[in-house]
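Novice: What follows is a single structure, and I will ask about it in a moment.
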Amino acid sequence: MAKPRVLRAALYARLSVTKDESVSIPHQLEATRKYAESQGWTVVLEAFDEGVSATRNKPEARVGWRTIADSPEAYDV
């Protein structure tokens, strides 16, 4: 039987403005790391945009998002 392929994950977090620690960038990344681990995925890339409005900035204009989209690192999810 063939060994199942391990998916490679890219994680992204974004936060415009908040004082609520439960949605902080570190909290978001921790939660997505745990989820990736629970799925058996290998995290190969992480990026984030902090202080960036989703309504005022298109995804392609965000540095962290572009890091994921333009990364030479191959990822599946």
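The values are calculated or read from the model by the stated rules, or taken from the named source; none is laboratory data. Predicted model, so just to flag it, every value in this text is computed and none were measured. FYI the Cβ positions are ideal-geometry reconstructions off the backbone, even for glycines, and counts take in every protein chain you see. These accessible areas exclude ligands, DNA and RNA; they are computed on the full protein's heavy atoms, side chains included. Shrake-Rupley method; radii C 1.70, N 1.55, O 1.52, S 1.80 Å.
Novice: What are the pairs with Cβ atoms under 9 angstrom where one residue, in region 62-74, is in contact (Cβ under 8 Å) with a residue 60 or more places away in the chain and within 15 Å of V43 (Cα to Cα) and the other, located anywhere, is among the hydrophobic types (A, V, I, L, M, F, W, C) and outside any loop (DSSP other than H, G, I, E, B)? Sequence gap at least six, or different chains.
Specialist: S71/A10; S71/V44; S71/L45; S71/A47; E73/A10; E73/V44; E73/L45; A74/V44
Novice: Of everything in region 24-38 that's exposed (fewer than 13 other Cβ atoms within 10 Å of the Cβ) and either of a type in the set (K, R) or modelled with pLDDT under 95 (or both), which residue is nearest to Y75 (Cα to Cα)?
Specialist: Here the residue is K34.
Novice: With respect to W41, determine if the residue is within 11 Å of the chain's Cα centre (by Cα), of a type in the set (F, W, Y) and open to solvent by 50 Å² or more (accessible area, probe 1.4 Å).
Specialist: Criteria not met by W41.
Novice: Identify the single condition in (1) open to solvent by less than 40 Å² (accessible area, probe 1.4 Å); (2) more than 19 Å from R8 (Cβ to Cβ); (3) touching a residue at least 12 places away in the same chain (Cβ under 8 Å) that G51 does not satisfy, given that it satisfies every other one.
Specialist: It is condition (1) that G51 fails.
Novice: On to the next question. Condition check: touching a Pro at 6+ places or on another chain (Cβ under 9 Å) and either within 13 Å of L7 (Cα to Cα) or open to solvent by 50 Å² or more (accessible area, probe 1.4 Å) (or both). Does R66 satisfy that? Full working, then the answer.
Specialist: Values: touching a Pro at 6+ places or on another chain (Cβ under 9 Å): yes; either within 13 Å of L7 (Cα to Cα) or open to solvent by 50 Å² or more (accessible area, probe 1.4 Å) (or both): yes.
It is true that R66 is touching a Pro at 6+ places or on another chain (Cβ under 9 Å) and either within 13 Å of L7 (Cα to Cα) or open to solvent by 50 Å² or more (accessible area, probe 1.4 Å) (or both).
Novice: Sticking with this one: Every residue in region 25-68 that is touching a strand residue (DSSP E or B) at 6+ places or on another chain (Cβ under 7 Å), polar (S, T, N, Q) and not in a strand (DSSP E or B), please.
Specialist: Q28, T32, T67, listed by residue number.
Novice: Determine, yes or no, whether Y12 is open to solvent by 70 Å² or more (accessible area, probe 1.4 Å), of a type outside the set (D, E) and not in a loop (DSSP other than H, G, I, E, B).
Specialist: Spelling it out, it is not the case that Y12 is open to solvent by 70 Å² or more (accessible area, probe 1.4 Å), of a type outside the set (D, E) and not in a loop (DSSP other than H, G, I, E, B).
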